[in-house]
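Before any comments, here is the structure.
The values are calculated or read from the model by the stated rules, or taken from the named source; none is laboratory data. Values in this document were obtained by computation on a predicted structure and should not be read as measured data. Here the Cβ positions follow ideal geometry from the backbone for every residue, glycine too, while neighbour counts run over all protein chains shown. The accessibility values were calculated without ligands, DNA or RNA, using every heavy atom of the protein model including side chains. Shrake-Rupley method; radii C 1.70, N 1.55, O 1.52, S 1.80 Å.
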Amino acid sequence: MPIGGFSTPRPGLPRPVGAHALTMSSAWRLGAFPVRGAQYEDRRVLVIGLCGASDDEVRGLADHLVPADAAWRWPGAYAVVEEAPGGVVVHTDPASALPLYAVAWGGTWAWSTSARFLAALAGTRIDTERLACAVLAPSLPVLAEGRSFFAGVVRLPAGCRVVLPDDGGPRTHSVQWRPDAVGGAPHARLRNALGSGVRLRAATDPGLSSDLSGGLDSTTVAGIAAAVVDSPLHAVTVHPAGILDGADVSYARLAADASQGRIAHRLLPLTAEHRPYTRLREVPVTDEPAPSALTHARFLGQLRWMHRMLGTRTHLTGDGGDSVLFQPPAHLADLIRHGRHRRAAGEAVGWARLRRTPVAPLLRDAATMARTPRARSLERLAARLAAGPGPRENAGNVRWFPTLPMPSWATPDALGLLGRAAERATAGPDELPGLDASVRVLVDDIREVARTAVADAELAAGCGIDLHNPFLDARVMDAVLRTPLGGRAPLHAYKPTLVRAFADVLPAEVRARTTKGSFEADHFTGMRAALPELLDKAGLHLASLDLIDLSLFRAGLRRAAAGVPMPLATIEQALAVDAWLYAISLAPTPRWASPVAGKAI
């Protein structure tokens, strides 16, 4: 449930129906959203979200100036809000694991963790340009920087100090977080950051549960939690029904056995009712399209089962570990730019062997990227999108902004909106200039994953479960991205920093893993099973907005279900966004009311 407030303390301000006002504040909250406050004279500070600061440290934020690193100084996913004469100052989470939104309203600013609630307050509509970016360019978060899925509702920049004046004047911001390289052992920083984040959740709810997929990320999270809770940790492994000897299940069993009774291992078989693409018109409403929208039958099925059978109230996942711990191909460009040509060649060979691709194009693209500034590459991207689909649109593996082939079912209107978004992106400054390319790319990727994961947490909340992804905490991102070039993991290595950081938590067999199980086959099976419903109902909302050609889209679905090789990313994005639009169309609009009972706006 969301929390929010206004940049002025004037009386008579509305709040969502059912929300409770916070004492001596313009802020409100629905449900039990975590918030702690402190006041000093006419200044009040709120820490919203789960934060590992002590009560004394929270009080200190009100007694003194809020430090520049306040939004990542402690474990958790949180933001700091200062209420003072003249307006509100928001210190945003650098990872976007707790994104905040704002809208100008009634001569002031309204802010919230929910863009949908702010859109209801301001009476704004869905932003079709944002939809076009989500469907056609899911790998280019730069095109939608600072935007929500609702026109006029802005997303506050991550890792910044944002000033919202009390009179509704222009908002300003200054960047506070910047991942410049520091000395020290990266594995030690990662151990401290991730370990403290998991322990914070365990202290908040000792009865929590965890995923245990058999991979490095979830096994690490489960192992840390199991070591600190009083009773055995419920750890859940999902698997295809009737298949109990698959690789992931075997590694999960090894991890549970190695815990010496600290992990109570639970197996959850997946049946036909859990297939991807099942009942897409039953996806609950969220602030934006959820990453688990297409797999909601499996995702929500697991959560409801845990809540019913295990009594789970808080659940941990290893989601986000891939985004934080894998090196992007841009790492090759960094090596070349810094003159480390021998290492670049060696890592390119390793990466090429792993991906079974020629090595020469990798090095050629890396050399091109090394001498191309990010701003120039963004200008070229805008020009390419404005020109429409081209034969080299997906050329290259090492680029600032890798793009997918534009689907044939994208309408001219949708392509025009995408081009307009790209032009707007070129007009804005890079808030983090001068970083190595791989670090800058990771910042965008992690923030996109962390922000969208909030929608999955909304789905989980509907099942009575508080979902947490400790890998997406700002402290974890900060710990990893500050690693100097010489200490960064090789491009082709499988999470060596995590393995070294938690060698005592991960069983030897799990530490030796170099791959992870995939549910890709389930996606094709699920698409074939759901094809009649998809052909009948999917895409209708996007087509009504003239973003897709419905007949061509359905032809693409038929080819994909038949197993014709093609990128599924844009098709899946279109299905997820269309399911979200359907959910939005059915869900009651959040209602706001004045403090006077019965008087609605």
Exercise. Within region 505-528, is there a residue that is open to solvent by less than 70 Å² (accessible area, probe 1.4 Å), more than 24 Å from T237 (Cα to Cα), at pLDDT below 95 and of a type in the set (A, V, I, L, M, F, W, C)?
Worked result: no
Exercise. Of the numbered conditions (1) β-branched (V, I, T); (2) within 27 Å of the chain's Cα centre (by Cα); (3) modelled with pLDDT under 95, V47 satisfies every one except a single condition; which is it?
Worked result: (3)
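Can you name the residue in region 11-31 that is surrounded by fewer than 16 Cβ atoms within 10 Å (Cβ to Cβ) and at pLDDT 90 or above and, of all such residues, is nearest to T314 (Cα to Cα)?
Pass one, region 11-31, residues surrounded by fewer than 16 Cβ atoms within 10 Å (Cβ to Cβ): 11-12, 17-18, 20-21, 23-24, 31.
Still in the running and at pLDDT 90 or above: 17-18, 20-21, 31.
Values: V17: 26, G18: 24, H20: 23, A21: 25, G31: 15 Å.
This residue is G31.
Only residues that are assigned to a helix (DSSP H, G or I) and of a type in the set (S, T, N, Q): list them for region 89-148, please. Give the steps one after another, and end with the answer.
Initially, region 89-148 is screened for residues assigned to a helix (DSSP H, G or I), giving 115-122, 128-136, 141-144.
Hit for region 89-148 is T128, nothing else.
Which residues, counting only those in region 115-128, are open to solvent by 10 Å² or more (accessible area, probe 1.4 Å) and in contact with a strand residue (DSSP E or B) (Cβ under 8 Å, 6 or more places away or on another chain)?
R116, F117, A120, L121, A122, T124, R125, I126, D127
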For this session: Output yes when any residue across region 62-80 is surrounded by 24 or more Cβ atoms within 10 Å (Cβ to Cβ), farther than 28 Å from V439 by Cβ and in contact with a Leu (Cβ under 9 Å, 6 or more places away or on another chain), and no when none is.
Result: no
For this session: Report whether or not V229 is in a loop (DSSP other than H, G, I, E, B) and free of Cβ contacts under 8 Å to residues at least 40 places away in the same chain.
Result: yes
Exercise. Residues V441, V476: which one is part of a helix (DSSP H, G or I), in contact (Cβ under 8 Å) with a residue 24 or more places away in the chain and out of contact with any Phe, Trp or Tyr (no Cβ under 8 Å at 6 or more places or on another chain)?
Worked result: V476
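Mind telling me which of the residues A104, A132, A158, A137 ends up being at pLDDT below 95, touching a helix residue (DSSP H, G or I) at 6+ places or on another chain (Cβ under 8 Å) and farther than 19 Å from M1 by Cα?
Values: A104 fails: at pLDDT below 95; A132 fails: at pLDDT below 95; A158 fails: at pLDDT below 95.
Among A104, A132, A158, A137, only A137 is at pLDDT below 95, touching a helix residue (DSSP H, G or I) at 6+ places or on another chain (Cβ under 8 Å) and farther than 19 Å from M1 by Cα.
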Exercise. Can you tell me how many residues in region 250-289 are within 25 Å of the chain's Cα centre (by Cα), acidic (D, E) and surrounded by fewer than 16 Cβ atoms within 10 Å (Cβ to Cβ)?
Worked result: 1
Exercise. Checking G168 against (1) open to solvent by 20 Å² or more (accessible area, probe 1.4 Å); (2) assigned to a helix (DSSP H, G or I), which test does it fail?
Worked result: (2)
Seminar exercise, completed: The number of residues in region 405-438 that are open to solvent by less than 50 Å² (accessible area, probe 1.4 Å) and either touching a helix residue (DSSP H, G or I) at 6+ places or on another chain (Cβ under 8 Å) or part of a helix (DSSP H, G or I) (or both) is 18
